[in-house]
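The values are calculated or read from the model by the stated rules, or taken from the named source; none is laboratory data. Nothing here was measured: the structure is a model prediction, and the numbers come from that model. The accessibility values were calculated without ligands, DNA or RNA, using every heavy atom of the protein model including side chains. Shrake-Rupley method; radii C 1.70, N 1.55, O 1.52, S 1.80 Å.
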Amino acid sequence: MSDCVCGSGREFDACCGPILAGQPAPTAEALMRSRYAAYVVGNLDHLERTATPEARQAFNRLDAERVVDETTWLGLEVRRVVGGTVEDQTGQVEFVFRTRQQGKTLAQHELSEFRRDGGIWLYQGSEINPKVPPARVSKVGRNDLCACGSGKKYKKCCGA
């Protein structure tokens, strides 16, 4: 037995193998990992089978075949999962994968959307290089209550 190519740390036959063979994915993350594995092993039928009708229309099999032939897959890192559990109807998975193409090592950051259709998780689409909302910093005024919870004004407490 060998470790799964998706980087989960589990064996392939207990991770992406059954999903690539046609078993429904239990979560959005499991489906996303299996779709990465499908690229690694060249199972393009899985990519088509697990896409919504809209995503299937946008899928270019010739381009995917070229990518599979020209790419060495170096790894997958899941950064964040929102929803997508066995109880949810929608989910998002943010991830980065690394490849080597034409002697260059590349990384691609994506945020993929998934939805359930008839109880089956399907890939809906993704945003490449998603924008993170800017961090908001609020300035504490001298006369604002202190954040430490003392009940005093900031200027008479921690701001002194």
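Ranked by solvent-accessible area (1.4 Å probe, protein heavy atoms only, all chains present), the residues Glu54, Glu65 order from largest to smallest as Glu54, Glu65. Helix content alone sets the calculated 222 nm mean residue ellipticity of the chain: runs of n ≥ 4 DSSP H residues at -39500 (n - 2.57) each, divided across all residues, give -7000 deg cm²/dmol.
Ligands, DNA and RNA left out, the 1.4 Å accessible surface of the chain is 49% carbon and sulfur atoms.
Counting pairs on different chains as well as pairs 8 or more places apart, how many Lys pairs in the chain have Cα atoms under 28 Å apart?
Details: Lys104/Lys131; Lys131/Lys139; Lys139/Lys152; Lys139/Lys153; Lys139/Lys155; Lys139/Lys156.
Final tally of qualifying lysine pairs is 6.
The phi-based Karplus calculation (6.51 cos²θ - 1.76 cosθ + 1.60; θ = phi - 60°) puts the 3J(HN,Hα) values of the range 108-125 at 10, 9, 9, 10, 9, 10, 10, 9, 8, 9, x, x, 10, 6, 10, 6, 9, x Hz, whole numbers, x for Gly and Pro. Surface analysis of the chain yields an accessible area of 62 Å² per residue, using protein heavy atoms and a 1.4 Å probe. The GNM of the chain, with springs linking C-alpha atoms under 10 angstrom apart, assigns the highest mean-square fluctuation among Ala147, Ala51, Ala38 to Ala147. Rounded to the nearest Hz, the phi-derived 3J(HN,Hα) couplings of the range 30-45 under the Karplus curve 6.51 cos²θ - 1.76 cosθ + 1.60 (θ = phi - 60°) are 4, 5, 4, 4, 5, 5, 4, 4, 4, 5, 4, 8, x, 8, 6, 4, where x marks glycine and proline.
The alpha carbons of the chain stretch over 67, 42, 36 Å along the principal axes, in descending order. In the complete set of protein chains, residue-level accessible area for Leu74 is approximately 80 Å², probe 1.4 angstrom.
Size descriptors for the range 50-120, from the alpha-carbon set: Rg then Dmax equal 14.6, 43 Å. Among rounded, prolate and oblate, which fits the range 1-65 when a ≥ b ≥ c are the square roots of the eigenvalues of its C-alpha gyration tensor, a/c under 1.5 means rounded, and a/b larger than b/c means prolate? Prolate shape, in that a/c is at least 1.5 and a/b is the bigger ratio.
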